[in-house]
1. Using the 10 angstrom Cβ neighbour count as an exposure proxy, how do A:Arg380, A:Arg236 rank, fewest first?
2. Rounded to the nearest Å, what's the spacing between the alpha carbon centres of the stretch A:2-71 and the stretch A:310-370? Just the number, please.
3. Put a dot 7 Å past each Cα toward the Cβ at B:Lys52 and A:Ala180; how far apart are the dots in nm?
4. Quick one: of the DSSP bridges fully inside the stretch A:215-351, what percent are antiparallel, nearest 5?
5. Beyond 23 Å, how much of the Cα-Cα pair distribution for the stretch A:180-392 remains, as a whole percent?
6. From the C-alpha gyration tensor of the stretch B:3-81, pull out the three semi-axes of the equivalent ellipsoid (sqrt of 5λ each), sorted largest to smallest, in whole Å.
7. FRET efficiency for A:Arg222 and A:Ala138, Cβ-Cβ distance as r, R0 = 60 Å, nearest 0.05?
8. Looking at chain B, which chymotrypsin sites (Phe, Trp or Tyr not before Pro) are in a loop (DSSP not H, G, I, E or B) and have at most 13 other Cβ atoms within 10 Å?
Amino acid sequence: MSIFTMPSLGADMEEGKLVEWLVKPGDHVAKGDIVAVVETQKGAIEIEIFEAGEIGELLAQPGQTLPVGAPLARLGAADAAEATIAPVAAPISPELPAPAAPAKALPATTASPVPTGPALASPAARGRAAELGLALDAIAGSGPGGAVLLADVETQAKVQPAPGSGPVTPQKGKPGLDMAEMRRAIAAAMSRSKREIPHYYLSHEIDLQAAQDWLTTTNATRTPDQRLLMGALLIRATVRALARVPELNGRFEGDAYTPSDAVHCGLAVAMRGGGLIAPAILDAQGMAADAIMDAMRDIVVRTRAGRLRNSEITQGTITISSLGETGVDALFGVIYPPQVALVGFGAPRLKPMVRDDIVQPRLAITATLAADHRVSDGRRGALFLAEIDRLMQEPDTP
Amino acid sequence: MTPSDIRAAFLDDLTLIAPDLDPESIGDNDHLQDDLGLDSMDFLNLVSALHKRFGLPIPEPDYPMLATPAKAVDYLARMLAR
């Protein structure tokens, strides 16, 4: 038996709000199943479970904001007897109303082997705390076993003004992205990056005409839903070029760099209201252009709709940021920790380029690399950008 | 289909692709990419949706004719009348 906890969805995340359970006690889950939706600074994220078993008891209620590591549910082994689940600790009263108050910040429980559930409280206290937007955990209880009573809530309300007004209702569907929160998350990650990672930068202009000609021919015979974008070819070339320079694909955690065999390729997706999210296409290393296009379409749609999975936003091994057709010439990125490289593509433009000793108008793009000098050097980075260039000249390679 | 039916259908597909756009505030001459902030993936998804809805091929060379809602309605009406 084990405890399913609030996952960390990035170094910048401290807490998340449980929006919705997608399982109930008694359900059997397999590794990778989506069991809950949690709202974070990056919007609503679908939470996968990384263990098979049977859902025992749900320890958190929709609407609760909980710190990373807080217990969410008890998970029994698939064949565990009922008896092993019951007696250990169930501090939640059966008549617990749902949704409960947004019990912000459970006291750190990492040291305690037995996880604490939501705070003990009388139904009246719970209701009043929810109404005031107060966290039950933050209120000193004077009732039996330290339970929070109505009077305790009223006392606390006088000391601590409610963070928000009105009752908190669990949200469903498309999340209201909090731009201020997202900006804070970006600030935290980027400040850490610039503080800890000694960046170096390289820039290289790539002739895209061969790729563009191939795309035009290929797309002419396809229906719109089957057409490819230049972005898919750029991602494919980047992912394949990484095979030659493994010191750009991996994660720097603690004091050590671990290269990754798999390429979980993050894509910086701009949100129209501002801000950005960089979910990863998982296991992109073996994908052909069509598969990358499908994965890219899927991930962009789900980013916009607020339906990403936690593995997609935590397991990236490199990030690509692309300005698209209407941007400027080049972007010099800030590495997303704990990754060690970021590839930037500017807007493709017609440029005068010399081919066969003649100046010709060719579609060109500026590719840049921001990389971590603790792990790689400019010489290796240059090899990488040159390899992307070489691959873009062979667009019809499957 | 009247132009106003086509316009409603177009805005329907557009706001499905870009759920954060408010259909009330979209102007007929707003440029989808420059004014409304669609990227190339959004635009392709919009073309795919219009292809499914109207059964039109909408080849890549025709993309500029979908640059604004006004142009798109005009283009779709012409293609449907063929």
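Read-outs throughout are calculated quantities, based only on the coordinates presented, and are distinct from any laboratory measurement. This is a predicted model, so every value here is computed, not measured. When we count neighbours, we look across all protein chains shown, and the Cβ atoms used for this are built from the backbone with ideal geometry, even at glycine.
1. Numbers: A:Arg380 16, A:Arg236 25.
If I rank by nearby Cβ atoms, fewest first, I get A:Arg380, A:Arg236.
2. Measuring centre to centre over Cα atoms gives 35 Å.
3. If labels sit at A:Ala180 and B:Lys52, their model points lie 3.8 nm apart.
4. Values: 8 of 15 bridges.
Taking every DSSP beta bridge within the stretch A:215-351, about 55 percent pair in antiparallel fashion.
5. Details: 10154 of 22578 pairs.
Of all Cα-Cα distances in the stretch A:180-392, 45 percent exceed 23 Å.
6. Numbers: eigenvalues 60, 38, 28 Å².
Semi-axes (√(5λ), whole Å): 17, 14, 12.
7. On the way: r = 58 Å, r/R0 = 0.96.
So the FRET efficiency works out to roughly 0.55.
8. Values: sites: B:Phe10, B:Phe43, B:Phe54, B:Tyr75; in loops: none.
Hits after loop and neighbour filter: nothing returned.
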